[in-house]
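Okay, structure first, notes after.
FYI, it's all coordinate maths here, none of it is from the lab. Just so it is clear, the model here is predicted, and its values are computed rather than measured. Cβ coordinates were reconstructed from backbone atoms using ideal geometry, including for glycine residues, and neighbour counts include every protein chain displayed.
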Amino acid sequence: MESRINDAIPAKFVMISGSEDKQTSADVYNVGSFQLPDPAGKAGGACTSTLLKVLHDNGNRPMSWIDLLHKMRDVLRQKGYDQIPQLSSSRMIDVSHKFEIVPTETIERNGARRAILIGINYQGQKGQLSGCHNDANNIKNYLINNQGFQERDMLILMDDGSHHQPTRANIMNAFDRIVQ
């Protein structure tokens, strides 16, 4: 079974999403309340703002995946959000192991740092959001300033007219490209 998974998904992908499937994500209209360094714009997502707050507050101290999720849940609860961040992965992971944005073995093996950043505000549509582009830019800045990424290491998909559009086809192509 594991070899079939490895053949179908040739890389380890990990995703932290902002809520359970039955929940909706929440916009934060002033991310300044999360005390983030130089946020890109005022609006943002509660989960992204919380993730960045936890990472900045933690500094370079080691933390496990489960510690990260617990800290995120605590911050969200303290700020009045009922979202429950979720962890998904293309491979089995031990949540008690060290949280790493780029696994050490990946850097040692080939030095690769890669990221796909997707910001969809659904501009001009019913239910338009206002902070998804800011979230993608805030994560981009964190990766560059704190994780050793170069902008060329990232593929950014946004419905802002300046980046590649976040269509299903472009998202799937981005996942294909990131594993090369």
- Filtered trypsin sites (Lys or Arg not before Pro), the range 72-134: DSSP coil and at most 14 other beta carbons within 10 Å: 91, 126
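Taking loop as defined by DSSP and a crowding limit of 12 other beta carbons within 10 Å, which GluC sites (Glu not before Pro) in the range 100-133 fit?
Details: sites: 100, 105, 108; in loops: 100.
Passing sites in the range 100-133 do not exist.
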- What whole number of Å gives the distance from the Cα centroid of the range 140-180 to the Cα centroid of the range 82-127? 12
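Cα gyration tensor of the range 59-141, axes a ≥ b ≥ c as square roots of the eigenvalues: rounded (a/c below 1.5), prolate (a/b > b/c) or oblate?
Working: a/c = 2.22, a/b = 1.34, b/c = 1.66.
Oblate is the answer for the range 59-141, as a/c is 1.5 or above yet b/c matches or exceeds a/b.
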- Near-label residues of the range 94-130 by backbone N, under 11 Å of a point 7 Å along Cα→Cβ of residue 73: none
- Query: Is the shape of the range 30-173 best called rounded, prolate or oblate, per the rule: a/c under 1.5 gives rounded, else a/b larger than b/c gives prolate, else oblate, with a ≥ b ≥ c the square roots of the Cα gyration tensor eigenvalues?
  - Reply: oblate
- Task: Give me the percent of Cα-Cα pairs in the range 92-180 that sit more than 24 Å apart, rounded to a whole number.
- Result: 29
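Within the set of other residues whose C-beta is less than 9 Å from the C-beta of residue 117, count the net charge using Lys and Arg as +1 and Asp and Glu as -1. Before the final figure, lay out each step's value.
Numbers: positive: 140; negative: 135.
Once positives and negatives cancel, what remains is 0.
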- Modelled FRET efficiency - R0 25 Å, residue 88 with residue 110, Cβ distances, 0.05 increments: 0.55
